[in-house]
Amino acid sequence: MSEHSAVEDWRAVNRANWDERVPIHTASRFYDVDGFVAGKDPLRDFETAEVGDVAGKSLLHLQCHFGLDTLSWARRGATVTGLDFSAPAVAAAGAIAARIGADTARFVTSDVYDAPTALDGRTFDIVYTGLGALCWLPDLARWARTAAALVAPGGFLYLAEFHPFADVLAEDGRTVELDYFRRDGTVWDEPGTYADMSAETTANVTVEWQHGIGEVVSALTATGLRLEFLHEHDYTLFARFPVLEERSGIHRFPADHPRVPLMYSLRAAKPV
């Protein structure tokens, strides 16, 4: 497949990649599904603090993969709906929900841009989007309009993401290598997966997009949502660069290394 045709067929190319990796991910130590079923919580402390109490609230998780974060919110008392464009991921999420007795959890197969139709026009107290989601979407303004339409009056959208500044750094974690302001789709051809780099895979092409902080905030506020906070975090969840040091599952730069943001989070509310 040429780079041009990959960009033109970005949705099909990316879906094939994710479909193939679902069974690899569900069997991986990285996700530890058995540990999750036994009670392990994959949500990050800053997320639970910033989202707050979800008991009795409706929560929609966009681009939910196979639903571990989604079901973690269900364990905290939310009535959850997860949406993902990968049918194998949605099937796996439903199976895990059954294993933990999350009878009210619902999972829907749909492209994120088609979510309002797939969800029959429903709105939710909380629309949640977790780490590693926005890079798969070419049109961020359309995503923001879609997500905002799904937030009920008085509710909010919450986003936790890897910081786009980290995407400009070379493998040494020190050198600026890529253009922060690039907007064309970048085609990658990489075997394996972040959850198991040695896994044998065949659907290895993906198309990803860079979205800067200004683009994200501007897209959301243009919909009428009111930004409540934007927080930048100086750590990440995996060994993104060899120079990072790991402590208790958190990866940070050494004390003598200049810090840059590696993740960010924001919350934007819809007026009543």
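Read-outs throughout are calculated quantities, based only on the coordinates presented, and are distinct from any laboratory measurement. Everything numeric here is computed off the predicted structure, so don't read it as measured data. Neighbour counts are summed over all protein chains in view; Cβ atoms, including those assigned to glycine, are modelled from backbone coordinates with ideal geometry.
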**Prompt:** Taking K and R as +1 and D and E as -1, what net charge do the other residues with C-beta under 12 Å from the C-beta of residue 242 add up to?
**Reply:** -2
**Asked** Where in the chain are the DSSP H helices whose C-alpha atoms run 30 Å or more along the long axis and whose mean Kyte hydropathy is at least -0.5?
**Response** none
**Request:** Would you please put 37-43, 100-106 in order of how densely packed they are, using the mean number of other Cβ atoms within 10 angstrom per residue and starting with the highest?
**Result:** 100-106, 37-43
**Message:** If you average the alpha carbon positions of segment 164-183 and of segment 230-252, how far apart do those two centres end up, in angstrom?
**Reply:** 16
**Prompt:** Given +1 on the Cβ of Lys and Arg, -1 on the Cβ of Asp and Glu, and no further charges, what dipole in debye does segment 3-269 carry about its Cα centre, rounded to the nearest 20?
**Reply:** 920
**Request:** Name the residues whose placed amide hydrogens come within less than 5 Å of the amide hydrogen of residue 228, ignoring near sequence neighbours (fewer than 5 apart) on the same chain.
**Result:** 267, 268, 269
**Item:** Cα gyration tensor, the chain - rounded (a/c under 1.5), prolate or oblate
**Value:** rounded
**Between segment 39-78 and segment 87-131, the Cα center-to-center distance that results, in Å** = 12
**Request:** Work out which GluC sites (Glu not before Pro) in the chain are exposed loop sites (DSSP not H, G, I, E or B, at most 16 other Cβ within 10 Å) and give the longest gap free of them.
**Result:** 1-170
**Exposure proxy order (Cβ contacts within 10 Å, fewest to most) of 65, 211** = 211, 65
**Prompt:** Summing Lys, Arg as +1 and Asp, Glu as -1, what charge do residues with Cβ under 15 Å from the Cβ of residue 166 carry, residue 166 excluded?
**Reply:** -4
**Message:** Would segment 138-272 count as rounded, prolate or oblate if I go by the C-alpha gyration tensor, calling it rounded below 1.5 in a/c and otherwise prolate when a/b exceeds b/c, oblate otherwise?
**Reply:** prolate
**Fill in**
Checked segment 152-205 with the C-alpha gyration tensor, a ≥ b ≥ c its square-rooted eigenvalues, rounded below a/c of 1.5, otherwise prolate if a/b is larger than b/c and oblate if not; verdict oblate
**Prompt:** In segment 3-269, what % of DSSP beta bridges are antiparallel (nearest 5)?
**Reply:** 60
